[in-house]
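Encoded as structure tokens, the structure appears first; notes follow it.
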Amino acid sequence: MKFTKATLVASAAAMSLGLAACDGPTEEAMEDTGEQMESELDAQAEAMEDAGAPEAEVEAMEDKADAVEDTMEEQADTVGEEMDGNEM
């Protein structure tokens, strides 16, 4: 059987959707909160950049946004799963 790149991408996407469906409501809410916080911090970083803030400050805000989202994702994977009763 010959697989194309599109077939492999579609298969990977379907598998990731299946895994995402395993998240409970608390875990999903925690992940959504992390993404929202990251979005807000990224918007602040963009506003800082538009206002002429030094590049180091803008990058620090972007790094903070990434760290916040990563932390919320980790908490969702542990605390959220426990609260949903989906411990792995």
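Assorted remarks:
- Selection of first residues in the range 73-85 that are touching a residue at least 40 places away in the same chain (Cβ under 8 Å) and over 13 Å from residue 29 (Cα atoms) and of second residues that are among the small types (Gly, Ala, Ser) and not in a helix (DSSP H, G or I), restricted to Cβ pairs under 9 Å at least 6 apart or on distinct chains, gives the following pairs, ordered by first then second residue: 85/24.
- Selection within the range 38-88 - charged (D, E, K, R) and touching a Ser or Thr at 6+ places or on another chain (Cβ under 6 Å): 84
- Restricting attention to the range 41-88 and to residues that are surrounded by 13 or more Cβ atoms within 10 Å (Cβ to Cβ) and outside any helix (DSSP H, G or I), the residue that is farthest from the chain's Cα centre (by Cα) turns out to be 53.
No value in this document is a laboratory result; all are computed from the given coordinates. This is a predicted model, so every value here is computed, not measured. Please note: Cβ atoms are built from the backbone with ideal geometry, for glycine as well, and neighbour counts cover all protein chains shown.
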